[in-house]
Amino acid sequence: SQGDTRPPYVVFAHAQTAIHALVERLGEQRLPGRVGCVTTAATLLGEGADRRRDHRPLDLLVREVLERELPETLLGLAGGERLACEAEALLALMQVYGPALRERKLARVFAFECELVPAVVAMERVGVGLDAAAFERVAAAWERERAELDTLGNRERQAQLDRIARLDKLISTYRWWARDFAVGNRIHCRLHPLATDTGRFACSDPNLQQVPGEHTAPGLRACFVPAPGHALVVADYAQIELRVAAHLAPCEPLRSVFRAGRDPHRATAATLTGKPEAQVDDHERKLAKAINFGFLFGMGAERFRSYAQDSYGVVLDERQASEAREAFFRTFPGIAAWHRRIRSLARLSEREPITVQTVMGRRRTFPAGSFSFNAALNIPVQGSAAEGFKLAMVRLDRSLRAIGGRGVLIAAFARDT
C-alpha cells in the first residue's frame, strides 16, 4: 500500500529450496526481506491430521485447494509460461491460506517459521567442520574390531553379540559419512523445520543430530571441529521440557523448584528416598532424572523399567518402578492433574477430533478414533520448547552475524570467535 516502507513480500512454493537457489545465484545480501511459503502454510493448517508433514508438492496443493490443475510443460507450454502459472497459483493459494491462518490463530507461528528459513539455509550451507582423517581412523577401528570378533570361536563370539550388533550399526550408519557428505573439510546436512508434529527440527543426509556419544562411539564426536582459530560454543536450555510442563500443567511445586534455582531431579529423589535434597547422592539423582523424563509424557511402569535401564543404566524391578511413578506424582501433583485432564480426552476422541496446542498456537489434531495420550502430552511441551528455540535462533542469527559468528547445527549454535 502507499507509504508502506517494508520490503516486498515474496511468496515461494517451498521457501527453503528457493532460498538455497537465490543464495547460489545472488548471494545472501540480496535475499528478499520478507518471505512467505505455501508449504509452511499448508503444513501448519494440516495440523498433522493428514500425516503428510512438509511433503506438499505445489501441483497437489493447487489441485486440492484451488480445484484446478497446473499445466504440464510437456503439452507444449513454454517454460516461462509454466512459471507464470505457478506464480499466479502461489498468490491464489496465499489468498486462501492467509485468512485461514489468522482464523486458527496460526499467523504468528507462520510468520516466524518463514522468518527462520534464511537462518536454516545459512546453517545448511556452512556445514560443520570435520577432521576427516580422524573420522577415518575411528571408523576403520570399528571395522578392525568387527573382523576380530568374527575370528572368535562360537562360544566366545556368542558372548560378544551385543558388541557385534553395536559395531554393525555404527559401520552401516556412519562409516562413509566423510566420503559421502563432506565437502572439503566440512560436512553438510539437510535440516527440516516442519518434519515433526511438535515443530522440532529433523535432520537428514546425514543426521548430524544423532551422532553417538563417547560411551557408544569413543572419539567420534571429537572429529567435528571448529575452523582453525575458531571455537565451537554449545548453547542449550537446561531442563526445558520440565520447565514448559510446569507452565502448561500448571504445576506450582515444579514452578517453585525452578524459581528457587533448585534441581527438579533432586526434588524427586528426595520424595523417593525421604532424604533432604542436599543429601541425595548421584545414583539417586540419576534414578530421579529417569523418573522425571520418563513419567512426564505418560510412560507406564513396565515401559519405564526398560527406559531407565537403556537410557540411564538404572535397573529396577516391578515394585520399584511403581514406587518411582508414585513418587513422581506425589512430588509434582500438578503434573498428575494435567495427565488426568488429557486422559479424559480419550473418551471424547472416539466420536470427535481432538486438538492440542503449543503456547504459540501450533495445533495437532487427532482425527476421531486416533487419539494418542502420550502424543497429546508430548506435543504441547516439546512443541512449545521448539518454538522458543526457533525464536531464539532467528534472533541469534542476526546477533551472531554482527560479531562474526555463525550457526552450524541444530539444536546448538556455534560461534566462531
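State whether one or more residues within the range 244-259 are polar (S, T, N, Q) and buried (at least 21 other Cβ atoms within 10 Å of the Cβ).
no
In the range 276-287, what count of residues is obtained for those that are open to solvent by less than 70 Å² (accessible area, probe 1.4 Å), free of Cβ contacts under 8 Å to residues at least 24 places away in the same chain and either hydrophobic (A, V, I, L, M, F, W, C) or within 21 Å of D317 (Cβ to Cβ) (or both)?
Number of matching residues: 4.
Checking W177 against (1) surrounded by fewer than 18 Cβ atoms within 10 Å (Cβ to Cβ); (2) closer than 30 Å to T43 by Cβ; (3) aromatic (F, W, Y), which single condition isn't satisfied?
Condition (1) is where W177 drops out.
Mind checking which residues of the range 192-208 are of a type outside the set (A, V, I, L, M) and within 9 Å of the chain's Cα centre (by Cα)?
H192, P193, T196, T198, G199, R200, F201, C203
Going by what's in this entry, would E252 be described as over 28 Å from H215 (Cβ atoms), among the charged types (D, E, K, R) and touching a residue at least 12 places away in the same chain (Cβ under 8 Å)?
So E252 passes the test.
Name the residues in the range 94-108 that are assigned to a helix (DSSP H, G or I) and open to solvent by 50 Å² or more (accessible area, probe 1.4 Å), would you?
The answer is Q95, V96, P99, R102, E103, R108.
Of all residues in the range 347-375, which are of a type in the set (A, V, I, L, M) and either buried (at least 22 other Cβ atoms within 10 Å of the Cβ) or farther than 27 Å from L116 by Cβ (or both)?
Hits for the range 347-375 are L348, I354, V356, A368.
Within the group L91, L44, which residue is part of a helix (DSSP H, G or I) and either surrounded by fewer than 16 Cβ atoms within 10 Å (Cβ to Cβ) or among the polar types (S, T, N, Q) (or both)?
Testing whether each residue is part of a helix (DSSP H, G or I) and either surrounded by fewer than 16 Cβ atoms within 10 Å (Cβ to Cβ) or among the polar types (S, T, N, Q) (or both) leaves just L91.
Filter the range 106-131 for residues that are more than 23 Å from P7 (Cα to Cα) and in contact with a Leu (Cβ under 7 Å, 6 or more places away or on another chain) and give the result.
Once the filter is applied, which keeps residues that are more than 23 Å from P7 (Cα to Cα) and in contact with a Leu (Cβ under 7 Å, 6 or more places away or on another chain), the range 106-131 yields M123, E124, V128.
Please name all residue pairs, on different chains or six or more residues apart, with Cβ atoms under 7 Å, provided the first residue is in the range 188-215 and is of a type in the set (F, W, Y) and the second residue is at pLDDT 90 or above.
Filtered contacts from the range 188-215: F201/L191; F201/H192; F201/P193.
Does V225 satisfy the criteria of being open to solvent by 20 Å² or more (accessible area, probe 1.4 Å) and in contact with an Asp or Glu (Cβ under 6 Å, 6 or more places away or on another chain)?
Against the criterion (open to solvent by 20 Å² or more (accessible area, probe 1.4 Å) and in contact with an Asp or Glu (Cβ under 6 Å, 6 or more places away or on another chain)), V225 qualifies.
In the set A235, A195, A202, which member is closer than 30 Å to R108 by Cα and either at pLDDT below 90 or in contact with a Pro (Cβ under 6 Å, 6 or more places away or on another chain) (or both)?
A235 is the lone residue from the list that is closer than 30 Å to R108 by Cα and either at pLDDT below 90 or in contact with a Pro (Cβ under 6 Å, 6 or more places away or on another chain) (or both).
Restricting the first residue to the range 40-57 and requiring it to be within 16 Å of Q357 (Cβ to Cβ), which pairs with a second residue that is of a type in the set (D, E) and not in a loop (DSSP other than H, G, I, E, B) meet a Cβ separation below 9 Å and a spacing of at least six or different chains?
T43/E113; L44/E113
Of all residues in the range 61-90, which are among the aliphatic types (A, V, I, L, M) and at pLDDT below 95?
L70, L74, L75, L77, A78, L83, A84, A87
Identify all residues within the range 250-305 that are of a type in the set (G, A, S) and part of a loop (DSSP other than H, G, I, E, B); write none if there are none.
Selection gives A260, G261, G274, G298, G300.
Among (1) within 14 Å of E115 (Cα to Cα); (2) open to solvent by 60 Å² or more (accessible area, probe 1.4 Å), where does D50 come up short?
Of everything listed in (1) within 14 Å of E115 (Cα to Cα); (2) open to solvent by 60 Å² or more (accessible area, probe 1.4 Å), D50 misses just condition (1).
In the range 308-346, which residues are open to solvent by 70 Å² or more (accessible area, probe 1.4 Å) and within 23 Å of A249 (Cα to Cα)?
E323, R325, E326, R330, R340, R341, R343
Name every residue in the range 238-265 that is out of contact with any Pro (no Cβ under 8 Å at 6 or more places or on another chain) and either over 22 Å from N374 (Cβ atoms) or of a type in the set (G, A, S) (or both), in order of residue number.
Passing the criteria: A238, A245, A246, A249, E252, R255, S256, R259, A260, G261, R262, D263.
The values are calculated or read from the model by the stated rules, or taken from the named source; none is laboratory data. On a predicted model such as this, the values are computed, not experimentally measured, just so you know. As a convention, Cβ positions derive from the backbone with ideal geometry for all residues, glycine included, and neighbour counts pool all protein chains shown. In case anyone asks, the SASA skips ligands and DNA or RNA and just uses the protein heavy atoms, side chains included. Shrake-Rupley method; radii C 1.70, N 1.55, O 1.52, S 1.80 Å.
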